[in-house]
Every structure is written in C-alpha cells, then in structure tokens.
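The values are calculated or read from the model by the stated rules, or taken from the named source; none is laboratory data. It should be emphasised that the depicted structure is a prediction, and the values quoted were computed from it without experimental measurement. Here the Cβ positions follow ideal geometry from the backbone for every residue, glycine too, while neighbour counts run over all protein chains shown.
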Amino acid sequence: MNLQKAMSYCLLLILDPVVRALYYFHFRFSVNGGKTTLKDIREKYAEIRKAHPGPMLICTNHLTYIDSLIQAVILSSTWGYISHLSGLAWNLPERKNFYHKFIYRLICYLGRCIPVERGASPADARQVTNQMLYVLRKKGIISIFPEGKRSRDGLVDDKDFSYGVGQLLNEIPDASVLCVYMRGTKDGGFTHFPKKGESYYMDLSVYKPVSDLKGLRRARDISTQIISRLKEMETNYFGSNGGLAKVH
Amino acid sequence: MNESEVYEKVVGLIKPYAKNQDALSSISSESNILEDLEVNSARLVDIVLAFEDDFDIEVEDDDADAIITIGDAVKLICTKIG
C-alpha cells in the first residue's frame, strides 16, 4: 500500500488534471453559486484538516458511481493536494463496478482505491478492513459511504445501512469524522453518472460520535449516529426553502 | 434448551433478514447465511446481536466472523449456553 500511495502522489500531476478536465469541460460540473463558493468549501476543508490532522473518515451520502471523484475535485485543488499531501483520501469502490477492465483497475490503483466487495465472506471483509485500518493508523484519510450502497430513492437510507464505519471507529477511536452531504441541484438523485452541466451542493460537518457501548453494539450505535447526522444535513438541504431553491 | 430448539430459534431470528425468501423453504444447518439466504453483512451483525439478546450470551468479534452457516450459529450458541 505504501507503493500504491507513492505512485498515486507521483502521478497526481498527470491524473488530477485529467480528472479536473473531465469535471469542468466534459461534464461541465460546477459548485452552486449562492452563499457558498468552491473557494469557501476548499478553505473550510483545509481548515478542518488543519484542526484534525490525524486519521479521518470522510463520510458521504452516496448517489452516483463517481461521487468520490466529484468530492475530491471539490474539496481541494491540485496544488492543494500537492502542498498538503495528507488531504488526498483513499477510496473504497465496489469491486464488481470498477475492477472488470484493466484500465479501470489501473486508474483505481493510482487513484488510491481499496476495492470492496458487497457480500464478501467475513475473512475477505476482514482483509479489506485491515487495509483500511493500516491507512488510518498511518494518519491517512478514507472516503467512505456509510450507507454501504448508493441510495436508490435518492435520500439517505437510515433504515438499511452498513456498520462498517462504526467498526473502523471501534478500532481507531481517535479518527475524526467529517460528514459530507453532496448532491446535484439540477438532477440530483440516484443515477449511475450525473448529467452534464450538473451543479453541486456540498455541506461539510465535523462530527464526534459518542457511545458507551462496546464491540458490535458500539459499531452499530456509531454508524447510526453518523447516518443520522447525514440525514440532518439532508434535511437542512431540503429545508424550509423547498430543497433545490436552497443552495449554499 | 436443546440443539433443535436453538436451531428453530436461530432460524426464526434470521428469517426477517433473508432477502432470498425462496431459500427459506429449503433451509438447513448447511445453509450459508450470506450466500444462500442473501443476508447482507450489516444485517448479519444485527442477527448476532439478536443472538446475544435472545440467548443471553456474548459473542466475540472473532466468533461472529466464524458464523458462515446456520449450523455454525447453532453450534456457537449451544457452546455458549452450555
């Protein structure tokens, strides 16, 4: 994993501009205007990393295949990642979606991905968990979708979600949790790939789950708290101004 | 509580989480909880916690990881309750 990390840094200067070119010129994505700009979000993320330099879990709602890429582009500039190397998160793509072609596997490898498999055996799941724990013990960042899947109805699923994030925090209790609520304001919702010209809303919130429970019960409790926080952020988004009209 | 009673109770606890309802008709000790019954891994945690509550036992993480089939769960519970 150290080799993978080193190669991802070395190729950041090549890969990152490609991703950004796709983001801005092919998909023509943007961040909503209104009160919060791209610059504001990046400054806030930089401040959060400065205040929480250790291990971090970025816990984001999940709607499209490329949420991780969009999030990475929004959170920092290329220069931001180069100058603050620890800001670049590891990602956890579903193996069956991204590992069936060599080129995808290569991109995932260079893009700092740890493939996960839905329905994996406990032994396989443990192996992947150990890789995540290794990253966190090295004070790295992991971008994780606490729901464990893309939300089919476009809303945070607070009924049927994974406990993976809680299990990671059981092992690394001092890891910070950054909840991120992100969705397109034009056609936001469940889809494989967002439509061209989509404009993104993003809200960041550092969250500290607290639980007196132990083991699996603690994992479930913590995961539930994080999902609840994301649900609150979603409620804020769809708040009093009717959702799409309420933009940052 | 004998083994068959434990088995019946275990099946009852797993049933609500099984996505493959057809597999429930042919359920046996050899049924793989994740693959045959299509219970997802998060719900398997709920099931293990339900075992703890209903049988008044504690299941360590390693023991939980070793539960693959219905029979594994029954064997573990029988060992715990003596």
Within region A:93-105, the residues that are closer than 17 Å to A:Ile70 by Cα and either within 14 Å of another protein chain (Cβ to nearest Cβ) or of a type in the set (Val, Ile, Thr) (or both) are A:Glu94
Among the aliphatic types (A, V, I, L, M), in contact with an Asp or Glu (Cβ under 7 Å, 6 or more places away or on another chain), surrounded by 16 or more Cβ atoms within 10 Å (Cβ to Cβ) and within 12 Å of B:Val11 (Cα to Cα) - does that describe any residue in region B:62-82?
-> yes
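Can we say A:Ala120 is of a type in the set (Gly, Ala, Ser) and farther than 24 Å from A:Lys44 by Cα?
yes
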Out of A:Leu204, A:Leu178, A:Leu155, report the one residue that is of a type in the set (A, V, I, L, M), within 25 Å of A:Phe29 (Cβ to Cβ), away from chain B (no Cβ under 14 Å) and not in a strand (DSSP E or B).
-> A:Leu155
Kindly indicate which of A:Leu63, A:Leu88, A:Leu133 is within 21 Å of A:Ala6 (Cα to Cα) and buried (at least 20 other Cβ atoms within 10 Å of the Cβ).
-> A:Leu88
Taking helices (runs of 4 or more DSSP H) that fall entirely within region B:1-59, which contain at least 1 residues that are of a type in the set (Ser, Thr, Tyr) and more than 14 Å from chain A (Cβ to nearest Cβ)?
-> B:3-14
Which numbered condition trips up A:Gly197, out of (1) part of a loop (DSSP other than H, G, I, E, B); (2) surrounded by 13 or more Cβ atoms within 10 Å (Cβ to Cβ)?
-> (2)
Residues that are basic (Lys, Arg): which helices (runs of 4 or more DSSP H) entirely in region A:31-96 hold 3 or more of them?
-> A:38-51
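For region A:139-152, give me each residue that is assigned to a loop (DSSP other than H, G, I, E, B), buried (at least 17 other Cβ atoms within 10 Å of the Cβ) and away from chain B (no Cβ under 13 Å).
Step one: filter region A:139-152 for residues assigned to a loop (DSSP other than H, G, I, E, B), giving A:139-140, A:145-152.
Of the ones still in play, those that are also buried (at least 17 other Cβ atoms within 10 Å of the Cβ) are A:140, A:145-148, A:150-151.
A:Gly140, A:Arg150, A:Ser151, listed by residue number.
So if I check each of A:Tyr200, A:Tyr181, A:Tyr207, which one is under 15 Å from A:Pro55 (Cβ atoms), aromatic (Phe, Trp, Tyr) and within 15 Å of the chain's Cα centre (by Cα)?
A:Tyr207
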Give me a count of the residues in region A:106-138 that are under 11 Å from B:Ser41 (Cβ atoms), at pLDDT 80 or above and not in a helix (DSSP H, G or I).
-> 2
Would you please list the contacts, defined by Cβ atoms under 9 Å and residues six or more apart or on different chains, that run from a residue in region A:106-122 that is within 14 Å of chain B (Cβ to nearest Cβ) and at positive phi to a residue that is hydroxyl-bearing (Ser, Thr, Tyr) and part of a helix (DSSP H, G or I)?
-> A:Gly119/B:Ser41
